[in-house]
Amino acid sequence: MALASRVCRVLSNTASNVTRWRWPCKRMASQLTQLSEEENMMKDTAAKFAQEKVSPLVMEMDQKEELDRSIIDGLFKQGFMGIEVAPDYGGAGANFFSAILVIEELAKVDPSVSVFCDVQNTLILEMFHRYASDELQQMYLPKLSRNLAGSYCLSEPSCGSDAFALRTKADREGEHYILNGQKSWITNAEHAGLFLVMANVDFSKGYKGITTFAVDRDTPGLAILKKENKLGIRASSTCPVVLENVKVRPSSNVHVFDLHTL
């Protein structure tokens, strides 16, 4: 407001003879985004949860390099882990912008908690909504809304930003695909019960051979290694994930899409 007042004085001194010029000195521009009642409610609920439940545990969780179980349970109880999921599947049925508001409020208090919520909503659930079959959605969305965290397994030791160069392979053997490879820096891996694993089913097609498999944590051959000792966001787990002869069924585990369509 002070800047606007100074601009008004300058204009008054230099253009006093221009009678038609009027500067709206006492009126500020309205904000570009007006939150809906539902969005305000989600934002306020997330802020209250962050201040009352997360804030007292921030230092302890950072020192222990681990999210407190009560925080994880609280995120699910508040509906923050299934924000866009339809109520029929146990979710909040809100919009994507509501998810961003929740993530932002959590990040104001503890980025580690925010990242845990962020990956679930903007990567795992977004992929299910866009690409998963009805069968997969019915199988996983209720669990993801209630008590199942997911991990997004894309990066590898030899390819981080160059995702199309990933080397994890999926070989067809009869009625199954056999996955082999290693993923690196996988967020939420310590607590995840579901891993969305990107693998190439046909290297002759280059990046167009890449697809995604939904792999449960207890699937034989999937191993979560020791988490990284990080400088920041320490309570958020970041682990290598190894896949050694992991067997999955195409009918229930393949997401029918290519990364080049994202």
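Quick rundown of the values:
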item: Test: residue in segment 106-126 that is on the phi > 0 side of the Ramachandran plot, at pLDDT below 95 and open to solvent by 10 Å² or more (accessible area, probe 1.4 Å); result: no
item: Any hit, segment 242-257, residues being under 21 Å from Q120 (Cα atoms), out of contact with any Phe, Trp or Tyr (no Cβ under 9 Å at 6 or more places or on another chain) and at pLDDT below 95; result: yes
item: Wholly within segment 149-245, strands (runs of 3 or more DSSP E) carrying at least 2 residues that are open to solvent by less than 60 Å² (accessible area, probe 1.4 Å), in contact with a strand residue (DSSP E or B) (Cβ under 8 Å, 6 or more places away or on another chain) and among the aliphatic types (A, V, I, L, M); result: 176-187, 194-200, 210-216, 222-224
item: Top-ranked residue of segment 104-122 - restricted to ones that are free of Cβ contacts under 8 Å to residues at least 40 places away in the same chain and under 11 Å from the mean Cα position of the chain (by Cα), ranked as nearest to R234 (Cα to Cα); result: S114
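So that you can scan it fast, the table gives a plain yes or no per residue for (1) among the hydroxyl-bearing types (S, T, Y); (2) touching a residue at least 24 places away in the same chain (Cβ under 8 Å); (3) over 25 Å from L125 (Cβ atoms):
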{"residue": "G174", "(1), (2), (3)": "no, no, yes"}
{"residue": "S184", "(1), (2), (3)": "yes, yes, no"}
{"residue": "E190", "(1), (2), (3)": "no, yes, no"}
{"residue": "N200", "(1), (2), (3)": "no, yes, no"}
{"residue": "Y207", "(1), (2), (3)": "yes, yes, no"}
{"residue": "D216", "(1), (2), (3)": "no, no, no"}
{"residue": "I224", "(1), (2), (3)": "no, yes, no"}
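The values are calculated or read from the model by the stated rules, or taken from the named source; none is laboratory data. All of these numbers come straight from a predicted model, not from anything done at the bench. FYI the Cβ positions are ideal-geometry reconstructions off the backbone, even for glycines, and counts take in every protein chain you see. Ligands, DNA and RNA are stripped out before the accessible areas are found, and what is left, the full protein with its side chains, is counted by its heavy atoms. Shrake-Rupley method; radii C 1.70, N 1.55, O 1.52, S 1.80 Å.
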